[in-house]
Amino acid sequence: MTGNIRWIVVAVVVTVALAVTTAAFVLTDKNSDNAGTSATPPPTPTTPVPTPTAPSSPPPSPKPKNTSPWKLAWSDEFNGKVRTAPQSGKWTFQVDNYHANGELQDYTQSTSNASHDGSGNLAITARTSGAGRYTSARLITDRKFTPRYGRLEARIKVPPGKGLWPAFWAMHAPKWSTPRSEIDVMEHLGRSPTKAFGRLHGGADSSGKLRSFPFHTYELPGGQDFSNDFHIFSADWYPDRIEFAVDHKVYAVDKKSSAPGDSWTFDAPVYLILNLAVGGTWPGAPDSTTRFPARMLIDYVRVYKRA
């Protein structure tokens with residue numbers, strides 16, 4: 001019996017030991033599961049998103065080089081107040097009633113015949129002053145600005161009407177000096193509305209009259225009328241030639257090498273002239289279709305020198 005009791009005790013001890021071991025195992029496994037579900041997972045590493053930056057501005061483009069061979073030397077843009085006279089520091093009214101070339105107008109110094117229109121133009125206005133009589137204006141730069149060589153340029157709107165003779169031209173300076181010369185940059189006849197004319201006169205014959213070079217004519221395409229819009233008239237004056245152009249299109253060239261005799265007298269300074277004549281042997285007299293007042297509008301006069 002003693003042996004049986006010993007074995008019973010051993011069996012009980014073993015059973016208790018197994019129970020304790022099993023309980024410990026179950027507790028450990030349960031704690032392990034709980035740890036897996038309740039613990040905070042480690043943070044997932046992330047790549048920071050870069051802050052967008054504005055694209056850098058491209059470097060500024062270099063300023064285009066001035067490839068023009070001309071540099072402005074003098075100008076009048078006629079930006080004066082309405083009904084004011086042209087600048088006395090640049091222009092002189094040439095007052096006379098000489099009626100050269102059979103012309104009918106008297107040139108005055110009244111602002112009713114030459115003044116700013118308040119829109120950036122000089123208006124030279126021809127008006128009637130009685131039966132068969134007219135007033136107008138002629139402006140010159142004599143003894144104020146007298147260029148020698150360069151581009152003589154003006155932007156002008158001519159008036160319509162038979163017997164009207166607007167012009168932009170130049171003569172030897174100072175006035176009445178020698179050698180004599182004349183550069184007709186632009187002449188227009190109201191009776192030939194689609195045409196503008198350019199011509200040189202130089203030297204003098206035995207009677208003292210200027211010799212005339214060939215007559216040059218520019219005609220607007222499509223029968224357009226010069227009085228409908230502004231146009232740019234210019235003469236590029238070089239020591240050996242003079243080139244005539246309308247709206248920057250050269251239409252005639254006079255060369256020193258082909259000038260007859262001593263007629264090339266275009267090496268001395270000149271003064272500029274703006275005028276609106278009425279009547280004369282070339283344009284003829286106004287008729288019933290000619291409307292007065294008649295205005296010649298000049299947007300600007302500019303003189304350029306070679307750069």
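Bear in mind these aren't lab numbers, they're just calculated from the coordinates by the rules spelled out. What you see is a predicted model, and the numbers here were worked out from it, not measured in a lab. Cβ: placed from backbone, ideal geometry, glycine included. Neighbour counts: every protein chain shown.
Taking the number of other C-beta atoms within 10 Å as the exposure measure, put LEU164, LEU200 in order starting with the fewest.
Details: LEU164 29, LEU200 25.
Exposure proxy ranking, most exposed first: LEU200, LEU164.
Are any of the pairs LYS90/LYS255; LYS162/LYS249; LYS175/LYS209 more than 19 Å apart by Cα-Cα distance, and if so, which? The partial results should precede the final answer.
Numbers: LYS90/LYS255 30 Å; LYS162/LYS249 27 Å; LYS175/LYS209 15 Å.
From LYS90/LYS255; LYS162/LYS249; LYS175/LYS209, over 19 Å: LYS90/LYS255; LYS162/LYS249.
Which distance in nm do the two modelled labels at ARG148 and ASP96 give, with both placed 7 Å along the Cα-to-Cβ direction?
For ARG148 paired with ASP96, the spin-label model returns 2.5 nm.
May I ask for the net charge around TYR107, where only other residues with Cβ less than 10 Å from the Cβ of TYR107 are counted and Lys, Arg are +1 while Asp, Glu are -1? Intermediate results must be reported in sequence, preceding the final value.
Details: positive: ARG138; negative: ASP96, GLU103, ASP106.
Charge balance in the 10 Å sphere: -2.
Specify the inter-centroid distance of the stretch 86-104 and the stretch 140-178, based on alpha-carbon positions, in whole Å.
With the stretch 86-104 and the stretch 140-178 each reduced to a Cα centre, they are spaced 11 Å.
Below 10 angstrom from the Cβ of ALA245, what's the summed charge of the other residues (Lys, Arg +1; Asp, Glu -1)? Don't skip to the end; give the middle numbers.
Numbers: positive: ARG151, LYS249; negative: GLU153, ASP236, GLU243, ASP247.
Neighbourhood net charge equals -2.
Any aspartates and glutamates with Cα under 20 Å of the LYS305 Cα? List them, leaving off those in the same chain fewer than 8 positions away.
Partners within reach: ASP76, GLU77, ASP142, GLU153, GLU182, ASP184, ASP236, ASP240, GLU243, ASP247, ASP254, ASP267.
If you rank ARG302, ARG241 by fewest surrounding Cβ atoms within 10 Å, what's the result? All intermediate terms of the calculation are to be shown ahead of the outcome.
Values: ARG302 19, ARG241 16.
Listing ARG302, ARG241 from fewest to most nearby Cβ atoms yields ARG241, ARG302.
Could you work out the local net charge near ILE124, counting Lys and Arg as +1, Asp and Glu as -1, over the other residues with Cβ closer than 10 Å to its Cβ?
Working: positive: ARG138, ARG295; negative: none.
Once positives and negatives cancel, what remains is +2.
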